[in-house]
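Enquirer: Structure in C-alpha cells, see below.
The values are calculated or read from the model by the stated rules, or taken from the named source; none is laboratory data. Values in this document were obtained by computation on a predicted structure and should not be read as measured data. So basically every Cβ, Gly included, is an ideal-geometry build from the backbone, and we count neighbours across all protein chains shown.
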Amino acid sequence: MTYEYKNTFESIQKLKDGYANILLSSLKEVLPKIKIAKESGKYIGKYYNFANVSFNGNGLPRLSSTNGDGPTEYRGCFRSFNGSPLIDENCVGGFNDLVEFVRKNEALSKRFSINFNPGTVADLKKIEFDRINIIATAEDCIERYIHQFNTFLYDDEFAAAAVAPTVSYIFDQQLNIDISIPILFVKFESDEYQLADGVCIKRISDMQHKSRHQVKSYNTSVHESVMASATHALTLTGWFVPNVERMWDFDVLTKARAYPIELINHFFGALRITSPVNTGYAQVYAIAKGWGAHCTANLPYVQGVTVRSYPAYFEDYYWNTEEVPVISERTLGNIKRIFNEIISANENSISLAVKRLNRCLVRDDEEDSVLDATIALEALLSDDGNQEMTHKLAMRVGALVKFEKDTQKNPVQVFREIKSIYGYRSAIVHGSKDVGKKRIIKIEEGKNTDAHRLAIDYLKIVLRILLENKRFRNPKAIDEELLLG
C-alpha cells in the first residue's frame, strides 16, 4: 500500500459516522416506499443468473444459474422497466444528502470516482458516475436489510447491521478476509477440522456454494462441473487485504498472486502423501469478513479466481463417479501431522519435492510426471558426491523403505525398481526410440505397473519417511546409519 492511499483513508475517518448516519436515514426513508411498491403488485425485477445448488447421488454439489428467476432485487424499484421507476431516486432526500455529503470532501469523493481518458464517450457526456456509485452503496444497504431480516419495517439494530459492511468497505484501510479453496472430489467425516492456527478444513455451506458459483476468471478456463464438485474447503482465517483509493480499482482478489499458493499447495501435498485420493482445486476465493463491496440478496460477499490445478481427466465426466472417497478422522490426524511437518521444515528440498509431487498428479503427460518425480527424489536424496547418482539414490530409497509400515517390499526389490524408473527417465530425456519398452516395470512375477505411477508412489513414501524422521533429511545420515552402520 502506498503512502498516498494511507493518507486518503486517514483523512476520511472523521467522516465515517456522518456517512453512516445518512445511510441509516436513507434506509428509514426508503423502506416504507419499497413496501408500498411491493404491495402494489407492479413488477420490480429479480436477480438474473442467481445460483442454485443441488446434490448428485454421489453427494457432490451441482451448481447452476436461474434465468431471471432469483430472489426479488429491490434496487429494481429505482429502475425504469416500462415507463417511470416505482421510486424516483432523485426524490429520495437521503440519497441526495448522501451525494452532497460525499462531494463536499475531495478525498471521500475520490473513493467513488472513475478515471476516464480525455475524449472518451463518458468524459464527453459528463455522466455523473460518482452519483451513480454513491447511491448504489445506499441501495446495497437496502438489499442487505430486506433479504437478511425479511422485513420492510425499520429497526435500529437491523439497520446498523445492514449498513456496517458498506461503511467498512468505504472507510477501512485494511479489509479482513477468510480464504477458501474447495477440495475437489473428496468428502470428509468432519464438518470442520483444525489443521493449524488459522488453517482448517470446513464444510461449504449452501449459501457459500451459491456465492462461489460466480467466481470465474477470463484467463483461466476450468470446467464448471469440476469446479462445483467439492463438499469441503481448505479455509485460511485471519487474513486481510489492503483497500485502494478508488473502489472501482479494487481487483487484487481476482488475481492468483494475491493468495498464499505455496501454503495451499503444502496442504494438497500433505493430503496426497497421506491418502491415495484423486483431488485438486479449481478455485481460490476470499470471503469478506465485516465488509462488502456489493450486495447480492443475502449471499456472503466473495471475490476470487479460478486456478487449473487438477488432473485433466476430471473433465471427462468424472463428477458422475459413483463413489467419492471419504477422509476419516484418523486420516485427518495424519494429514494434520504431515502438513505441520511440511510448513515447519527448514529444508528447501522438502518444499521443492512437495511442489513436484503436486505437479506429478495434475500433469496430462505421464513422461512429465516421471521427470517431476525423479527431480523431487534427487532433491531429497542426492548430495555433492561424485559417485553415480542413480545408484546412490536407489540404495538410499532401499534403505529408507524399512520405515514404511504399509509395504512388503524389501530393499533389493526397491533398488531394482528405482533403477528401472531411472531407465525410463533416461530414455525420455535422451529421446530413445525404445522409451515405450521401458514404460512398464515388472514389480513381481505376473504383475507389472506403469513407471510414472511407481515413481509417484516412491516419492510419496520417501517424503512421508523424511517428514517423520528429520535426521534422514541429510542424505549422508542415511548412508552412515542405515547403509554403513
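Enquirer: Out of everything in the stretch 71-81 that is free of Cβ contacts under 8 Å to residues at least 60 places away in the same chain and not in a loop (DSSP other than H, G, I, E, B), what residue ends up being surrounded by the most Cβ atoms within 10 Å (Cβ to Cβ)? Before the answer, list the steps.
Expert: Narrowing the stretch 71-81 to residues free of Cβ contacts under 8 Å to residues at least 60 places away in the same chain: 72, 76-77, 79-81.
Restricting the remaining residues to those that are not in a loop (DSSP other than H, G, I, E, B) gives 72, 76-77.
Details: Thr72: 17, Gly76: 20, Cys77: 23.
Among residues in the stretch 71-81 that are free of Cβ contacts under 8 Å to residues at least 60 places away in the same chain and not in a loop (DSSP other than H, G, I, E, B), the one surrounded by the most Cβ atoms within 10 Å (Cβ to Cβ) is Cys77.
Enquirer: Considering only the stretch 335-354, I want to know if a residue exists there that is in contact with a Cys (Cβ under 8 Å, 6 or more places away or on another chain) and either closer than 24 Å to Lys210 by Cα or not in a loop (DSSP other than H, G, I, E, B) (or both).
Expert: For the stretch 335-354, residues in contact with a Cys (Cβ under 8 Å, 6 or more places away or on another chain) and either closer than 24 Å to Lys210 by Cα or not in a loop (DSSP other than H, G, I, E, B) (or both): absent.
Enquirer: Right, here's the next one. Looking only at the stretch 57-70, filter to residues that are part of a loop (DSSP other than H, G, I, E, B) and crowded, with 16+ Cβ neighbours inside 10 Å; which one of those is modelled with the lowest pLDDT?
Expert: Out of the qualifying residues, it is Gly70.
Enquirer: Only one of these is within 16 Å of Ile273 (Cβ to Cβ), among the β-branched types (Val, Ile, Thr) and touching a Leu at 6+ places or on another chain (Cβ under 7 Å): Ile465, Ile478. Name it.
Expert: Answer to the selection: Ile465.
Enquirer: OK, next. Only one of Ala427, Ala399 is in contact (Cβ under 8 Å) with a residue 40 or more places away in the chain and of a type in the set (Gly, Ala, Ser); which?
Expert: Testing whether each residue is in contact (Cβ under 8 Å) with a residue 40 or more places away in the chain and of a type in the set (Gly, Ala, Ser) leaves just Ala399.
Enquirer: Only one residue in Thr321, Thr279, Thr331 is among the hydroxyl-bearing types (Ser, Thr, Tyr) and within 30 Å of Phe240 (Cα to Cα), so which one is that?
Expert: Values: Thr321 fails: within 30 Å of Phe240 (Cα to Cα); Thr331 fails: within 30 Å of Phe240 (Cα to Cα).
When all the criteria are applied, what remains is Thr279.
Enquirer: Ok, one more. Looking at the stretch 201-218, is at least one residue over 20 Å from Asn52 (Cβ atoms), of a type outside the set (D, E, K, R) and in contact with a Gly (Cβ under 6 Å, 6 or more places away or on another chain)?
Expert: There is no residue in the stretch 201-218 that is over 20 Å from Asn52 (Cβ atoms), of a type outside the set (D, E, K, R) and in contact with a Gly (Cβ under 6 Å, 6 or more places away or on another chain).
Enquirer: Would you be able to tell me the number of residues in the stretch 358-387 that are within 18 Å of Asn469 (Cβ to Cβ) and either crowded, with 17+ Cβ neighbours inside 10 Å or outside the structural domain of Ala451 (by TED's automatic domain parsing) (or both)?
Expert: Residues in the stretch 358-387 being within 18 Å of Asn469 (Cβ to Cβ) and either crowded, with 17+ Cβ neighbours inside 10 Å or outside the structural domain of Ala451 (by TED's automatic domain parsing) (or both): 5 in total.
Enquirer: Mind checking whether some residue in the stretch 127-148 is of a type outside the set (Phe, Trp, Tyr), surrounded by fewer than 15 Cβ atoms within 10 Å (Cβ to Cβ), touching a helix residue (DSSP H, G or I) at 6+ places or on another chain (Cβ under 8 Å) and not assigned by TED's automatic domain parsing to the domain that holds Asp251?
Expert: Checked the stretch 127-148: at least one residue is of a type outside the set (Phe, Trp, Tyr), surrounded by fewer than 15 Cβ atoms within 10 Å (Cβ to Cβ), touching a helix residue (DSSP H, G or I) at 6+ places or on another chain (Cβ under 8 Å) and not assigned by TED's automatic domain parsing to the domain that holds Asp251.
Enquirer: For the stretch 287-311, give me the residue count where each residue is within 24 Å of Thr72 (Cα to Cα), in contact with a Phe, Trp or Tyr (Cβ under 6 Å, 6 or more places away or on another chain) and not in a loop (DSSP other than H, G, I, E, B).
Expert: Residues meeting the conditions: 2.
Enquirer: Quick one: which helices (runs of 4 or more DSSP H) sit completely within the stretch 386-481 and have at least 3 residues that are in contact with a Pro (Cβ under 9 Å, 6 or more places away or on another chain) and on the phi < 0 side of the Ramachandran plot? Even if it seems obvious, please write down each step before you answer.
Expert: Values: elements: 389-400, 411-429, 451-468, 475-478.
Those helices (runs of 4 or more DSSP H) span 389-400.
Enquirer: Collect the residues in the stretch 89-108 that are at pLDDT 95 or above and of a type in the set (S, T, N, Q), keeping them in residue-number order.
Expert: Asn96
Enquirer: Given the residues Ser54, Ser84, which is the only one that is of a type outside the set (A, V, I, L, M, F, W, C), in contact with a strand residue (DSSP E or B) (Cβ under 6 Å, 6 or more places away or on another chain) and surrounded by fewer than 14 Cβ atoms within 10 Å (Cβ to Cβ)?
Expert: Result: Ser54 is the single residue among Ser54, Ser84 that is of a type outside the set (A, V, I, L, M, F, W, C), in contact with a strand residue (DSSP E or B) (Cβ under 6 Å, 6 or more places away or on another chain) and surrounded by fewer than 14 Cβ atoms within 10 Å (Cβ to Cβ).
Enquirer: Can you find, within the stretch 159-193, the residue that is nearest to Gly304 (Cα to Cα) among those that are of a type in the set (S, T, N, Q) and not in a helix (DSSP H, G or I)?
Expert: By that ranking, first place goes to Ser180.
Enquirer: Those residues that are closer than 21 Å to Pro311 by Cα, among the aliphatic types (A, V, I, L, M) and in a loop (DSSP other than H, G, I, E, B), I need them from the stretch 209-267; list them, please.
Expert: Listed by number, the residues that qualify are Val215, Val222, Ala230.
Enquirer: Any residue in the stretch 299-320 that's farther than 25 Å from Tyr259 by Cβ: show its pairings with residues that are part of a loop (DSSP other than H, G, I, E, B) and charged (D, E, K, R) at Cβ separation under 9 Å, as long as the two are six or more apart or on different chains.
Expert: Tyr313/Asp364
Enquirer: Are any of the residues in the stretch 237-250 β-branched (Val, Ile, Thr), within 13 Å of the chain's Cα centre (by Cα), over 20 Å from Thr321 (Cα atoms) and crowded, with 21+ Cβ neighbours inside 10 Å?
Expert: no
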